[in-house]
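Just below is one structure, and these are the notes that go with it.
The values are calculated or read from the model by the stated rules, or taken from the named source; none is laboratory data. Fair warning: this is a prediction, and the values are worked out from it, not measured in the lab. Methodologically, a virtual Cβ is constructed for each residue, glycine included, from the backbone with ideal geometry; neighbour enumeration extends over all protein chains shown. Surface areas here come from the heavy atoms of the whole protein model, side chains and all, with no ligands, DNA or RNA. Shrake-Rupley method; radii C 1.70, N 1.55, O 1.52, S 1.80 Å.
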Amino acid sequence: MDSLIFGSPAMQKPPVTPDSHIIFDSHAHYDDRAFDSDREAVLAALPDAGVCGVINCGVDIRSSQKALALAAQYPFLWAAVGIHGQEAGRAKPGDLDGLVPLLEEPRAVALGEIGLDYHYDDGAPRDVQRELLERQLAIAVERDVPVILHDREAHEDMWKLLQRYKPRGVMHCFSGSVEMARDLVGLGMYIGLGGAVTFKNARRPIEVAAWVPADRLLIETDAPYMTPAPFRGKRNSSALIPYTAEKIAQVRGITPEQVLRMTKENAKRLFGVECPA
Ligand code: NI
């Protein structure tokens, strides 16, 4: 395994052998500046670490363009394009018009990362975030494109919009209760789980990991963020997904390999992609 990814001689043996290409990371940000110094080396090493698919999410027009450029370069990587609620304050009026042509690119397979983030007091105004999300949900439903959603401390407003638009898609980095997961799955949505399931105080993500129906679970990194234990605090990468899979497997009473195989099939179905041979 590559030292670029793990960087630690004390690394544990990964729970899955890297020669089986069964890791599908449904949410990452390799365009992030955290990868500026070694992006090509990190991405080139992923297939050898067992990665067969990555959805790279933009959060504004610029990062969506970067996601598309990466998708053109790596056959195992696809782009999601969208304008995140956090960027709503910085978004320009014409940005949504600029988004539609990006969505038409063949390597764009989803509209995301979009959503609502009410965590920061000085964040984008909530009404602006809601309008931006609503307009993008309308675009996604009209074009039958899956959405990749972010919801931080905005469950009520998110739920109202989802009931109204009923998009296909995934709630990424799901942090809610089993009851909320049940509502989303009832709408036909997928639940994305990542490194948070490995954190010491992870009670709700663990309950959700045990509950989600096998055909509705996706696994993700949110790289460079949300790094699973025992690498918490370091930069994340899709090659670390086996640690998240191991925890999910434990609570579901199956093997990490089974978790990876089912989440790979689910991602392929939702995004309509085939992993390169
Ligand atoms: Ni993200």
Completion exercise
Across the stretch 241-277, the tally of residues that are under 21 Å from Phe174 (Cβ atoms) and more than 14 Å from the chain's Cα centre (by Cα) stands at 20
Problem - Within the stretch 227-251, tally of residues that are free of Cβ contacts under 8 Å to residues at least 60 places away in the same chain, under 15 Å from Ile206 (Cβ atoms) and open to solvent by 60 Å² or more (accessible area, probe 1.4 Å) - result: 2
Exercise for the section: Considering each of Cys57, Cys52 in turn, give the residue that is closer than 27 Å to Pro228 by Cα, open to solvent by less than 30 Å² (accessible area, probe 1.4 Å) and away from the ligand (no atom under 16 Å from the Cβ). Expected result: Cys52
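Out of Glu257, Glu220, I need the residue that is crowded, with 22+ Cβ neighbours inside 10 Å and touching a residue at least 40 places away in the same chain (Cβ under 8 Å). Which one?
Result of the check over Glu257, Glu220: Glu220.
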Practice task
Check whether at least one residue in the stretch 205-214 is open to solvent by 10 Å² or more (accessible area, probe 1.4 Å), at pLDDT 95 or above, at negative phi and among the acidic types (Asp, Glu), and report yes or no.
Solution key: yes
Exercise for the section: Test Lys166 against the stated conditions and say whether it is farther than 20 Å from Phe271 by Cα, out of contact with any Pro (no Cβ under 6 Å at 6 or more places or on another chain) and open to solvent by 60 Å² or more (accessible area, probe 1.4 Å). Expected result: no
Handout entry: Complete set of residues in the stretch 62-91 that are within 16 Å of the ligand (Cβ to nearest atom) and either open to solvent by 30 Å² or more (accessible area, probe 1.4 Å) or in contact (Cβ under 8 Å) with a residue 60 or more places away in the chain (or both)
Key = Arg62, Lys66, Trp78, Ala80, Gly82, His84, Gly85, Gln86, Glu87
Practice task
Kindly indicate whether Ala245 is more than 16 Å from the ligand (Cβ to nearest atom) and assigned to a loop (DSSP other than H, G, I, E, B).
Solution key: no
Completion exercise
Flagged in the stretch 100-123 as open to solvent by less than 60 Å² (accessible area, probe 1.4 Å) and either closer than 19 Å to Gly176 by Cβ or out of contact with any strand residue (DSSP E or B) (no Cβ under 7 Å at 6 or more places or on another chain) (or both), in numbering order, are Val100, Gly112, Glu113, Ile114, Gly115, Leu116, Asp117, Tyr118
Fill in the blank from the handout: The number of residues in the stretch 148-163 that are outside any strand (DSSP E or B) and farther than 14 Å from Met189 by Cα is 6
Completion exercise
Condition set out of contact with any strand residue (DSSP E or B) (no Cβ under 6 Å at 6 or more places or on another chain) and assigned to a loop (DSSP other than H, G, I, E, B), scope the stretch 124-147, selection farthest from the ligand (Cβ to nearest atom): answer is Asp144
Practice task
Among the residues of the stretch 183-204, count how many are surrounded by fewer than 18 Cβ atoms within 10 Å (Cβ to Cβ) and among the hydroxyl-bearing types (Ser, Thr, Tyr).
Solution key: 0
Handout entry: Matching residues, the stretch 175-230, being of a type in the set (Asp, Glu) and closer than 15 Å to Gln250 by Cβ
Key = Glu207
Practice task
Please specify each residue of the stretch 164-178 satisfying the condition of being on the phi < 0 side of the Ramachandran plot, assigned to a loop (DSSP other than H, G, I, E, B) and within 16 Å of the ligand (Cβ to nearest atom).
Solution key: His172, Phe174, Ser175
Exercise for the section: Filter the stretch 167-193 for residues that are without any contact (Cβ under 8 Å) to a residue 12 or more places away in the chain and among the acidic types (Asp, Glu) and give the result. Expected result: Glu179
